[in-house]
Amino acid sequence: MRDVVGQLEGWWNKGETAALATVVGTYSSAPRQPGASMLVGPGGEAVGSVSGGCVEGAVYELGHQVLTDGRPVLQRYGVSDDDAFAVGLTCGGIIDIFVEKIDQDSYGQLGAVAEAIRSESPVAVATVVSGPAERLGKRLVVWPDRTEGGTGSARLDDAVRDDARGLLDAGRNATLHYGVDGQRRGEGLDVFVESFAPPPRMIVFGAIDFAAAVAKIGSFLGFRVTVCDARPVFATASRFPGANEVVVEWPHRYLAAEAEAGRIDARSVLCVLTHDPKFDVPLLEVALRLPEVGYIGAMGSRRTHEDRLARLREAGVTEAEIGRMSSPIGLDLGARTPEETAVSIAAEMIALHWGGAGARLAEREGPIHV
């Protein structure tokens with residue numbers, strides 16, 4: 001909903017009604033991830049996408065149906081359906097889409113949720129998408145310190161609150177399964193939790209030309225990007241328009257302070273581009289000992305890499321800790337320019353995050369997404 005919340009809130013503020021379609025489950029090579037949303041507006045407008053074009057027409061018609069009768073619907077599209085080809089999902093995937101009517105009566109917390117998204121404050125929205133008819137569409141909005149709304153069962157609210165906060169901490173969306181009264185090992189009721197966590201962080205160390213390209217692609221991928229360098233003459237906002245902030249500080253001190261303040265987590269990525277031992281060795285000593293971090297990559301030639309390893313070992317960094325580092329940074333794409341190198345780095349981050357092999361898809365067999 002993050003991509004369409006501005007339009008949805010505009011209609012909501014005017015007292016108008018829209019249909020919200022949300023991907024709540026995917027299987028095999030589904031084109032969009034859970035949380036992808038599409039609106040059918042009060043004037044017949046279509047906003048957003050749930051499948052990159054595969055089933056939008058069918059979902060649009062379903063949205064009109066929901067606007068007419070007011071009843072939420074959970075619909076599955078995919079190759080297992082007799083009409084899979086008719087709706088256009090020919091890529092081999094299966095998606096579950098929940099369509100519901102949104103107005104001020106059905107979603108009184110929308111204004112607060114939209115404000116939290118704008119201010120990058122963490123909030124999760126838990127919606128009953130399958131179960132008894134009278135519970136469908138009921139939602140619990142979960143902040144770190146409070147909740148609003150409800151699912152129709154106090155016991156279920158308690159279970160969903162705790163589970164949603166766990167998903168919010170991880171920045172994940174998921175469909176959770178319960179008994180109709182919140183039994184954790186039960187069945188009969190499904191709740192989709194959409195987490196609106198602050199964007200994950202990318203910290204780029206080293207104010208060099210490669211850093212500008214990495215900052216730009218990091219922003220494109222949805223990271224909140226910081227460039228950090230101890231040299232004020234190079235660490236300027238004008239040199240890094242793709243960054244959210246530029247910090248003048250010794251890299252290891254900055255990272256240690258950010259970690260101490262709780263601003264580094266399992267979604268954070270660290271790109272060490274200084275390839276200067278007086279900067280990167282103290283920095284990597286801190287980085288490789290952090291309990292949680294999503295990616296640590298260090299730039300440099302093979303000679304720089306070997307020298308870096310020797311210095312880290314002399315500093316007491318263990319082999320297990322060194323094993324957390326991607327060095328030399330990036331995938332072997334034959335990159336030469338800063339922009340190509342940034343693509344190489346981004347490709348490695350994506351591959352490690354999703355478990356990809358980094359091989360050419362044309363040379364593989366079987367499903368694209370496992």
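The values are calculated or read from the model by the stated rules, or taken from the named source; none is laboratory data. Please read all numbers here as calculations on a predicted model, not as lab measurements. All Cβ positions, glycine included, derive from the backbone under ideal geometry; neighbour counts span all protein chains shown. Each accessible area value is taken on the protein alone, full model and side chains, heavy atoms only, with ligands, DNA and RNA left out. Shrake-Rupley method; radii C 1.70, N 1.55, O 1.52, S 1.80 Å.
Which fully enclosed strands (runs of 3 or more DSSP E) of the range 155-209 have 1 or more residues being within 21 Å of F220 (Cα to Cα) and touching a helix residue (DSSP H, G or I) at 6+ places or on another chain (Cβ under 8 Å)?
Details: elements: 174-179, 188-196, 201-205.
Here the list reads 188-196, 201-205.
Please verify whether T17 is surrounded by 14 or more Cβ atoms within 10 Å (Cβ to Cβ), modelled with pLDDT of 90 or more and either hydrophobic (A, V, I, L, M, F, W, C) or under 28 Å from E134 (Cα atoms) (or both), treating the condition exactly as stated. So T17 fits the description; yes. Checking each residue in the range 198-237 for being of a type in the set (G, A, S), open to solvent by less than 10 Å² (accessible area, probe 1.4 Å) and in contact (Cβ under 8 Å) with a residue 60 or more places away in the chain picks out G206, A211, G218. Checking the structure you have, find out if any residue of the range 298-308 is within 22 Å of the chain's Cα centre (by Cα) and open to solvent by less than 50 Å² (accessible area, probe 1.4 Å). Checking the range 298-308: not a single residue is within 22 Å of the chain's Cα centre (by Cα) and open to solvent by less than 50 Å² (accessible area, probe 1.4 Å).
Out of curiosity, is V248 of a type in the set (V, I, T) and open to solvent by less than 20 Å² (accessible area, probe 1.4 Å)? Don't jump to the end; show me each part of the working.
Working: of a type in the set (V, I, T): yes; open to solvent by less than 20 Å² (accessible area, probe 1.4 Å): no.
No.
Among the numbered conditions (1) in contact with a Phe, Trp or Tyr (Cβ under 9 Å, 6 or more places away or on another chain); (2) more than 16 Å from G35 (Cβ to Cβ); (3) modelled with pLDDT under 95, the only one that F85 does not meet is (1).
Number of residues in the range 315-357 that are surrounded by 14 or more Cβ atoms within 10 Å (Cβ to Cβ), among the small types (G, A, S), over 20 Å from the mean Cα position of the chain (by Cα) and part of a loop (DSSP other than H, G, I, E, B) equals 3.
Report the residue count in the range 269-287 for those that are under 13 Å from C228 (Cα atoms) and not in a loop (DSSP other than H, G, I, E, B). Spell out the reasoning first.
Of all residues in the range 269-287, those under 13 Å from C228 (Cα atoms) come to 270-274, 279-280, 283.
Narrowing further to those that are not in a loop (DSSP other than H, G, I, E, B): 270-272, 279-280, 283.
The total comes to 6.
May I ask you to say which residue of A266, A215, A243 is hydrophobic (A, V, I, L, M, F, W, C), in contact with a Gly (Cβ under 9 Å, 6 or more places away or on another chain) and assigned to a helix (DSSP H, G or I)? Full working, then the answer.
Numbers: A266 fails: assigned to a helix (DSSP H, G or I); A243 fails: assigned to a helix (DSSP H, G or I).
Selected residue: A215, the only one of A266, A215, A243 that is hydrophobic (A, V, I, L, M, F, W, C), in contact with a Gly (Cβ under 9 Å, 6 or more places away or on another chain) and assigned to a helix (DSSP H, G or I).
Scanning the range 20-48 for residues that are polar (S, T, N, Q) and either more than 15 Å from the chain's Cα centre (by Cα) or in a loop (DSSP other than H, G, I, E, B) (or both), which turns out modelled with the highest pLDDT?
Taking the range 20-48 and keeping what is polar (S, T, N, Q), we get 22, 26, 28-29, 33, 37.
Going one step further and asking which of them are either more than 15 Å from the chain's Cα centre (by Cα) or in a loop (DSSP other than H, G, I, E, B) (or both), we end up with 22, 26, 28-29, 33.
On the way: T22: 95, T26: 85, S28: 68, S29: 62, Q33: 84.
Among them, the one singled out is T22.
Does F234 fit the bill of being of a type in the set (F, W, Y) and in contact with a Leu (Cβ under 7 Å, 6 or more places away or on another chain)?
Details: of a type in the set (F, W, Y): yes; in contact with a Leu (Cβ under 7 Å, 6 or more places away or on another chain): no.
So F234 fails the test.
In the range 102-121, the residues that are closer than 15 Å to G6 by Cα reach residues that are of a type outside the set (A, V, I, L, M, F, W, C) and outside any loop (DSSP other than H, G, I, E, B) with C-beta atoms within less than 6 angstrom, at least six apart or across chains, in these pairs: Q109/E148; Q109/G149; A114/E9.
Name the pairs whose Cβ atoms lie under 6 Å apart, with the first residue in the range 174-189 and hydroxyl-bearing (S, T, Y), the second modelled with pLDDT under 90 and in a loop (DSSP other than H, G, I, E, B), and 6 or more positions between them or separate chains? Hits for this filter: Y178/G186.
Within the range 145-184, being open to solvent by 30 Å² or more (accessible area, probe 1.4 Å) and either among the β-branched types (V, I, T) or at pLDDT below 90 (or both) holds for T147, D169, A170, G171, R172, T175, V180, D181, R184. Can A58 be described as among the hydrophobic types (A, V, I, L, M, F, W, C), touching a residue at least 24 places away in the same chain (Cβ under 8 Å), more than 19 Å from A174 (Cβ to Cβ) and in a strand (DSSP E or B)? So A58 fails the test. Taken together, the residues in the range 114-133 that are charged (D, E, K, R) and either at pLDDT 95 or above or buried (at least 18 other Cβ atoms within 10 Å of the Cβ) (or both) amount to 1. Could you tell me whether any residue of the range 253-263 is part of a loop (DSSP other than H, G, I, E, B), open to solvent by less than 40 Å² (accessible area, probe 1.4 Å) and of a type outside the set (A, V, I, L, M, F, W, C)? No, because not a single residue in the range 253-263 is part of a loop (DSSP other than H, G, I, E, B), open to solvent by less than 40 Å² (accessible area, probe 1.4 Å) and of a type outside the set (A, V, I, L, M, F, W, C).
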